[in-house]
Amino acid sequence: MDKFDVIVVGAGNGGLAAAANTAKAGLKTLLLEKHNIPGGCATSFRRGRFEFEPSLHELCSVGTAQRPDQVYKVFDDLGAKPKWCYETGHLFRAVVKGEDGYDVRLEAGIEAFCDSVEAAVPGSRKSVKAFVDLKPKIDAAIAYIYEMKGQPKGLTMLLKHSDFMRVAGHSVEEVMDALGMPKKAQNMINTYWGYLGVPTDELNCMHFLNMLYGYMVDGAAMPQHRSHELSLSLVDVIVKHGGQVWYNSEVTEFLYNDDGSVAGVVANGEKLYAREVISNVIPNNVFNMSPQSVIPEQNLKLANARDFGISVATIYLGLDCTAEELGMEDYTIFIMGHPDPRTQYNTRAEDGLYIVNCLNNVVPDSSPEGTCTLFFTMPIFGSDVPKDLKPEDYKKYKNEIAKKYIEDAEKTLGISIMPHIEEISVATPVTFARYLGTPEGTIYGYKLSGWDNLMARIAGEKADYAIPGLSFCGGHYIRGDGYSCAYIMGDTVAKKVIKRLKGDA
Ligand SMILES: Cc1cc2nc3c(=O)[nH]c(=O)nc-3n(C[C@H](O)[C@H](O)[C@H](O)COP(=O)(O)OP(=O)(O)OC[C@H]3O[C@@H](n4cnc5c(N)ncnc54)[C@H](O)[C@@H]3O)c2cc1C
């Protein structure tokens, strides 16, 4: 077997974007995927007459053909052309149960968003607008830092980018408090923590603002034909440019040269060699597939020190009625038992936070005529799954989860779901651990908080994993979780590899 220029391990979003780039650049590329289909989280599955979206609620930083944002550009530059649909009406509906609860819709668009929070919490508009207005200022500061290659001049940061300096090290809630935002308005906006898996008293402000602003201005994006369409569009690019994609090819070992650099991998018992290896697989697993002697101590310590991100339990429902007949007007509804994110995060049950999506409200023909689908997601940790759960009790465990949440949604939203269920499928962290191979079934790589927050990771990128010839990309890497981050990281990392191997990008 001839040596490859690049072997990419794992055909998730990061791996696909990386392999599409290296193949398009003319590098001899091999993408290895353990399953028989690409995508990792970004796929689809069928039950009866329904094709379900397994993971994507909303994709941010996409933009449009007229105003392309980062993800749009990644696909467009590669020549991949998925058909994007957008949720432009409102951002989400937030329902907090109980006597002090509320039921609000926060609108898309900067002014409409501020107006909708003001309508729900009179007197909050000024502080909400001040919060949102931080985003362009932060962007300008980051652009300057990049321009100066991380070495800003003199007092420029303090004098010209003072807002960045004020918020950079703070949590969302610290910044909102400093702006005098009423707690109720904070809680409403911070409902979105559910998409990042870290509560807002812990989550870095700039990270949260980046997501909020992206959804608010560009609208949330979804592919017309489930996220499988995104994955297939990137596979097409790889194949078109002569790259190879091998399915049913689980990598079981990473190979190293005597000088400690990566030499290749073993898949299906075959040794495969490359000049560079890009891993879409989380470092913990890569290190477990490598001789411990070659992994720098610092890298092992880093992997051990990081906390795993949150996982989820999900319920996929195919219903024999339309969204209208069901009484579901919204695409995204967050249902919460308590108003504040910290309590929701700590509770992690139907009294915590869960999300109900109805894809038909953005992609009307995403299920057969006269039907609709619902997608329930509840953030829970892999460690929340009972340790003593026996295989024979797993189905019961899943049924109990489904019953609890469906009944709660029926009661809270005043709709009748149970009699309409034609198909049902339930996933838990066990499903994600098994399918993706991630520790504890994390879908978000490592938890982005505390010393390991987004800003710290970007600033410390050079000190991150440093094995010659081995790069990482995907939800577990620097930019953290989510579709957009995984695509952007795959793109960025591949461009660095291309530069090293070809001397251009
Ligand atoms: C239920 C759910 C809802 C989500 N909702 C959203 C959302 O609304 N918006 C959003 O932006 N993000 C969301 N996410 C998160 C998002 O899906 C992930 O962050 C992102 O897809 C991770 O991409 P990745 O590149 O890290 O690859 P992964 O999806 O983790 O894929 C890794 C790939 O590597 C393969 N692999 C693993 N080990 C090996 C091996 N040894 N050899 C060969 N192949 C291997 C796996 O089979 C898989 O294909 C959600 C995730 C889930 C599960």
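Laboratory data are not the source of any read-out in this text; all were calculated from the coordinates shown. Because the structure is a prediction, the values reported are computed rather than measured. Virtual Cβ from ideal backbone geometry, glycine too; neighbours counted across all protein chains shown.
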- Message: Per 0.36 nm of contour for each residue apart, how much would the distance between S293 and K153 grow if the chain were fully extended, relative to their Cα-Cα spacing?
- Response: 46.3 nm
- Item | Label-zone membership for segment 178-197, site D133, 7 angstrom Cα→C-beta point, backbone N under 20 Å | 178-183, 185-186, 189
- Query: What aspartates and glutamates could a cross-link reach from K387, if we take a straight Cα to Cα line under 12 Å and drop same-chain neighbours fewer than 8 places away?
  - Reply: E440
- Message: From the P(r) of segment 89-218, could you give the percentage of C-alpha pairs in the tail past 17 Å?
- Response: 59 percent
- Note on the structure: Note, L179: beta-carbon cut-off 14 Å, +1 each Lys/Arg, -1 each Asp/Glu, net +2
- With T252 itself left out, Lys, Arg at +1 and Asp, Glu at -1 over residues whose Cβ is under 15 Å from its Cβ give -2
- Query: Assuming R0 = 51 Å, what is the FRET efficiency of D100 and D76, from their Cβ-Cβ distance, to the nearest 0.05?
  - Reply: 0.65
- segment 169-263: Rg/Rh from Cα coordinates, Kirkwood Rh? 1.21
- With -39,500 (n - 2.57) per DSSP H segment of 4 or more residues and division by the full residue count of the chain, the 222 nm estimate, nearest 500 deg cm²/dmol, is -11000 deg cm²/dmol
- Message: For W193, W246, which order do you get if you count the other beta carbons within 10 Å of each Cβ and list the fewest first?
- Response: W246, W193
- Item | Percent RCO, i.e. relative contact order, over segment 89-218, from Cα pairs under 8 Å lying at least 6 residues apart | 27 percent
- When T314, T252 are ranked with the fewest other C-beta atoms within 10 Å first, the list becomes T252, T314
- Find the Cα radius of gyration of segment 285-370, compare it with 2.2 N^0.38 Å by division, and give the number to two decimals. 1.76
- Task: Find the relative contact order for the chain and round it to a whole percent, using C-alpha pairs within less than 8 Å whose residues are 6+ positions apart.
- Result: 24 percent
- Query: Within the chain, what's the longest stretch lacking trypsin sites (Lys or Arg not before Pro) that sit in DSSP loops with no more than 16 other Cβ atoms inside 10 Å?
  - Reply: 154-386
- Query: At a Förster radius of 22 Å, what calculated FRET efficiency corresponds to the Cβ-Cβ distance of A143 and E111, to the nearest 0.05?
  - Reply: 0.35
- Query: In nm, to one decimal, how far is the modelled label at K396 from the one at Y273, with both set 7 Å along Cα→Cβ?
  - Reply: 5.6 nm
- D452/E174 FRET efficiency (R0 22 Å; Cβ-Cβ; nearest 0.05): 0.80
- Taking every DSSP beta bridge that has both residues in the chain, what percent is antiparallel when rounded to the nearest 5? 70 percent
- Provide the net charge surrounding Q224, with neighbours chosen by a C-beta distance below 9 Å and charges set as Lys +1, Arg +1, Asp -1, Glu -1. 0
- Whole-number percent relative contact order across segment 239-392, with pairs defined as alpha carbons under 8 Å at least 6 apart: 18 percent
- Once phi is turned into ³J(HN,Hα) by the Karplus curve 6.51 cos²θ - 1.76 cosθ + 1.60 with θ = phi - 60°, what whole-Hz value does each residue of segment 138-145 show in order, with x for glycine and proline? 5, 4, 5, 5, 5, 4, 5, 4
- Subtracting the Cα-Cα distance of D320 and D384 from 0.36 nm times their residue separation yields 19.8 nm
- Please give every one of the lysines within straight-line cross-link reach of K28, meaning a C-alpha to C-alpha distance under 18 Å, and leave out same-chain neighbours fewer than 8 residues apart. K3, K240, K271, K495, K496, K499, K502
- Where a ≥ b ≥ c are the square roots of the eigenvalues of the C-alpha gyration tensor, would you call the chain rounded, which needs a/c under 1.5, or, failing that, prolate if a/b is larger than b/c, or oblate? oblate
- Task: Distance between Cα centroids, segment 390-450 to segment 310-351: provide it in whole Å.
- Result: 11 Å
- Query: About the Cα centre of the chain, what is the dipole size in debye to 20, counting +1 per Lys and Arg Cβ and -1 per Asp and Glu Cβ, all else neutral?
  - Reply: 1480 debye
- Spatially proximal lysines relative to K153 (Cα-Cα < 19 Å; intrachain offsets below 8 disregarded): K137
- Task: May I have the convex hull volume per residue, in Å³, for the Cα set of segment 330-483?
- Result: 174 Å³
- For segment 1-18 and segment 167-237, distance of Cα centres in Å: 29 Å
